[in-house]
Amino acid sequence: MGRGPGQKGLLPGVPLYIVTIIVLAAALVFSLLAAVTFGTMDLPLSDVYTVLLYRLRHALLGTPFPEAWAPGTAMHDVVWLIRLPRLVLAAAVGMALSVSGVVMQAIVKNPLADPYILGISSGASLGATVAVLLGVGAAFGSNYVGMMSFLGAFGVSMAVITLANIGGRATSVKLLLSGSALSAICSAFSSFIIYLADSDHATTQVVRWTMGSLAAAEWPGNGVMCLMAVGGTLFFLTQFRTLDLMLLGDESAITLGTDLHRWRVLYLVVSSLMVGFAVYSAGVIGFVGLVVPHVTRIFFGTAHKKLVPIAALGGAIFLVWADVLCRTILPGNEMPIGILTSVLGAPVFVFLMARKRYGFGGRE
């Protein structure tokens, strides 16, 4: 028999859970400070941290920059305007995808679900395709491809909700089937547009967008992404009881006095916003929202009070180091991060499935 939503993982207990949160938070800070030293361009460690120290002093005390470390110098701009923004973006996107994966799996009661199972990935790809190949959305400015990708992801999510509510209230099965159907439709339209396109350069740009990239990270956009990731995580942390009930099913929840329908729709909207902004910022990055929640459940069980914050920190750390590998694994070149997460995530997931009989994220 599989264990219920309150099942314990390999590391039960409140004190250990609190220690884990503290350790993971410290590990995230350490990861950001360590990862900024890696890249295609070799920089002395002392110079990297000197730039960060002067930035901190300037922000807190208003201390002016020495001429050698001032904005506009190569060292300052590489560290502060290129490397650190993409690492912060990686952490925010990893957090958003992991938490959305936790929620999606609870919404549809399917351990194979991730943020893209309900057609979000295909919607984002379709948005990027019509932007690049047809010029739709050019009024949004230089980042119109990202904006159209976000609108595609969010639009498909809303369409999934609408379709699942036709003929009665949305259920986990109807949401899953609606997502699969709309995903197929979006993929077909994307393929058709690419087939008709007469531009190899534009087609290549679309393909690269669907592979994911953090190269366009910048501080203003990071602020919005961090707000969505942290805000969404805190929101779902307050909803742990309802998320636990979703694993029991609608009938059990009703007997306990909770109607899951409106909560399911609300959670899908918030999750879609988080994933939509992640797609807008970094393109399509798969497997983060699938593997990280599973690994977290193995160690800490299915109680969402523990699962949400640990998965958020774990996803952030994972994507930070995935970005480091993308920038260093191929000398003089950068691997798309979506390819790397798939290469790393798929074998891990297969191993988890093959290692033991698997219930909803835990042992049977």
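Listed values, structure above:
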{"item": "Residue count, the range 109-127 (criterion: of a type outside the set (S, T, Y), open to solvent by 10 Å² or more (accessible area, probe 1.4 Å) and in a helix (DSSP H, G or I))", "result": "1"}
{"item": "Given (1) more than 15 Å from A202 (Cα to Cα); (2) more than 21 Å from the chain's Cα centre (by Cα), index of the condition L133 fails", "result": "(1)"}
{"item": "Residue that is assigned to a helix (DSSP H, G or I) and under 19 Å from A312 (Cβ atoms), where the choices are V145, V130, V102, V156", "result": "V102"}
{"item": "So G289, is it open to solvent by less than 10 Å² (accessible area, probe 1.4 Å) and farther than 30 Å from P15 by Cα", "result": "no"}
{"item": "Filter pass, S183 being closer than 26 Å to V93 by Cβ and either open to solvent by 20 Å² or more (accessible area, probe 1.4 Å) or without any contact (Cβ under 8 Å) to a residue 60 or more places away in the chain (or both)", "result": "yes"}
{"item": "Neighbours by Cβ (under 9 Å, 6+ apart or cross-chain): first from the range 69-94, free of Cβ contacts under 8 Å to residues at least 40 places away in the same chain; second of a type in the set (S, T, N, Q)", "result": "W69/T50; M75/T50"}
{"item": "Any hit, the range 256-266, residues being buried (at least 21 other Cβ atoms within 10 Å of the Cβ) and within 28 Å of G283 (Cα to Cα)", "result": "yes"}
{"item": "Residues that are farther than 23 Å from A34 by Cβ and assigned to a helix (DSSP H, G or I), drawn from the range 302-337", "result": "H304, K305, K306, L307, V308"}
{"item": "Flag if P111 is touching a residue at least 40 places away in the same chain (Cβ under 8 Å) and touching a His at 6+ places or on another chain (Cβ under 8 Å)", "result": "yes"}
{"item": "Enumeration of residues in the range 48-91 that are open to solvent by less than 70 Å² (accessible area, probe 1.4 Å), within 29 Å of V230 (Cα to Cα) and among the aromatic types (F, W, Y)", "result": "Y54, W80"}
{"item": "Flag if G62 is at pLDDT below 90 and more than 19 Å from the chain's Cα centre (by Cα)", "result": "yes"}
{"item": "Filtered residue count, the range 280-301, keeping only those that are modelled with pLDDT of 85 or more, part of a helix (DSSP H, G or I) and under 15 Å from the mean Cα position of the chain (by Cα)", "result": "9"}
{"item": "Among (1) over 18 Å from Y267 (Cβ atoms); (2) among the aromatic types (F, W, Y); (3) without any contact (Cβ under 8 Å) to a residue 60 or more places away in the chain - the single one F235 does not satisfy", "result": "(1)"}
{"item": "Single condition L243 does not satisfy, out of (1) over 25 Å from A282 (Cα atoms); (2) modelled with pLDDT of 90 or more; (3) surrounded by fewer than 14 Cβ atoms within 10 Å (Cβ to Cβ); (4) not basic (K, R)", "result": "(3)"}
{"item": "Of all residues making up the range 65-119, the number that are among the polar types (S, T, N, Q) and modelled with pLDDT under 85", "result": "1"}
{"item": "From the options A216, A253, residue that is outside any helix (DSSP H, G or I), surrounded by 14 or more Cβ atoms within 10 Å (Cβ to Cβ) and at pLDDT below 90", "result": "A216"}
{"item": "Residue list for the range 21-47, filter: surrounded by 15 or more Cβ atoms within 10 Å (Cβ to Cβ), modelled with pLDDT under 90 and part of a helix (DSSP H, G or I)", "result": "D47"}
{"item": "Filter pass, S271 being buried (at least 24 other Cβ atoms within 10 Å of the Cβ) and either within 20 Å of A303 (Cα to Cα) or of a type in the set (D, E, K, R) (or both)", "result": "yes"}
{"item": "Only listed residue being part of a helix (DSSP H, G or I), touching a helix residue (DSSP H, G or I) at 6+ places or on another chain (Cβ under 9 Å) and modelled with pLDDT under 85, chosen from L182, L175", "result": "L175"}
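The values are calculated or read from the model by the stated rules, or taken from the named source; none is laboratory data. Keep in mind it's a predicted model, so treat the numbers as computed, not measured. All Cβ positions, glycine included, derive from the backbone under ideal geometry; neighbour counts span all protein chains shown. Accessible surface areas use protein heavy atoms only, side chains included; no ligands, DNA or RNA. Shrake-Rupley method; radii C 1.70, N 1.55, O 1.52, S 1.80 Å.
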